[in-house]
1. When only residues in segment 130-151 that are open to solvent by 10 Å² or more (accessible area, probe 1.4 Å) and in a strand (DSSP E or B) count, which is nearest to the ligand (Cβ to nearest atom)?
2. Would you be able to tell me the number of residues in segment 68-103 that are touching a residue at least 40 places away in the same chain (Cβ under 8 Å) and of a type outside the set (D, E, K, R)?
Amino acid sequence: MGLQLPKRVQRVAAGTMLGSSLLLVGSCSAEDKAQAERWAMPATSPATEQAVHIAELWKWAWIALLITGAVVWFLIFFASWRFRRRSEDEIPVQTRYNLPVEVFYTIFPVIMVLVFFFHTVEVQNKILEHDPDPDHVVQVVGQQWSWTFNHSDDPKDLEGPVHYTSGTASKIPTLVLEVDKTTEFKLSSPDVIHSFWIPAFLMKMDVIPGQAGEERNSFQVTPTKVGTFKGKCAELCGTYHSRMLFDVKVVTADEYAAYLAQLEADGFTADAPLLGGSDAVTQANANTNHGGEE
Ligand SMILES: [Cu+2]
């Protein structure tokens, strides 16, 4: 019994495998390599102070898993080579109930899960930390099927006057943020659950109806890179879910002030944040939208 290939065939097979895996490694493009170096995270990330913690957690999780993989692969190949069947008439020792091995493979995964859990909770607490005194507050409204961004004049007075911009069916809105300043996003939805996601920030949060103003439906970011990023809705929310895109522009302090002044000059000012629903401006401003590429 047992498939015994001639030595020559074995050698050719081993050579082919080695050759093709070297070829695979060698054929990686510069883009593949850059992607591997950032552990397949978006090229523009991490673009906030908070995202750095997530990028680190992701990286170390990969490293831990690759080490685990290497140990497991080694054990598989070592055991199947070392304890292979060596002759036609004898089968290798059939070991059962090896207590140390069983204890090892029961306890070790539990320890790994605990370590992952500990670091995940730690990072979650860091990225959900609320600075009681943020520099800016933006009330983000996700509504079927676009976004409204209300920039509060005074971060302390959330009911007060705002400058806003709103997307339409044909034009996606732009969320403008100031670099190196902490902005708090307060999420609200007048209809269904959406999810506010800026991939370069490595962070998304569901936009839950009925939670407007609640701390648990808000988070803060401190963008560290000037530039334009993409945003989208990450929760299937209806027919035109795929249209819930937006741009994010991180700008300098002067540009941010100029942007708010421009919104005001163009009449995109309200006494209170527009929270969608009957307030919904998505359709109302269909022709005069301030999509914002000034
Ligand atoms: Cu949505």
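1. Looking at residues that are open to solvent by 10 Å² or more (accessible area, probe 1.4 Å) and in a strand (DSSP E or B), I get Gln139.
2. From segment 68-103, those touching a residue at least 40 places away in the same chain (Cβ under 8 Å) are 68, 85, 88; that's our starting set.
Checking the rest, the ones that are also of a type outside the set (D, E, K, R) come to 68.
Result for segment 68-103: 1.
The values are calculated or read from the model by the stated rules, or taken from the named source; none is laboratory data. These figures come from a predicted structure and were not determined experimentally. When we count neighbours, we look across all protein chains shown, and the Cβ atoms used for this are built from the backbone with ideal geometry, even at glycine. Heads up: the accessible areas ignore ligands, DNA and RNA and are worked out on the full protein's heavy atoms, side chains in. Shrake-Rupley method; radii C 1.70, N 1.55, O 1.52, S 1.80 Å.
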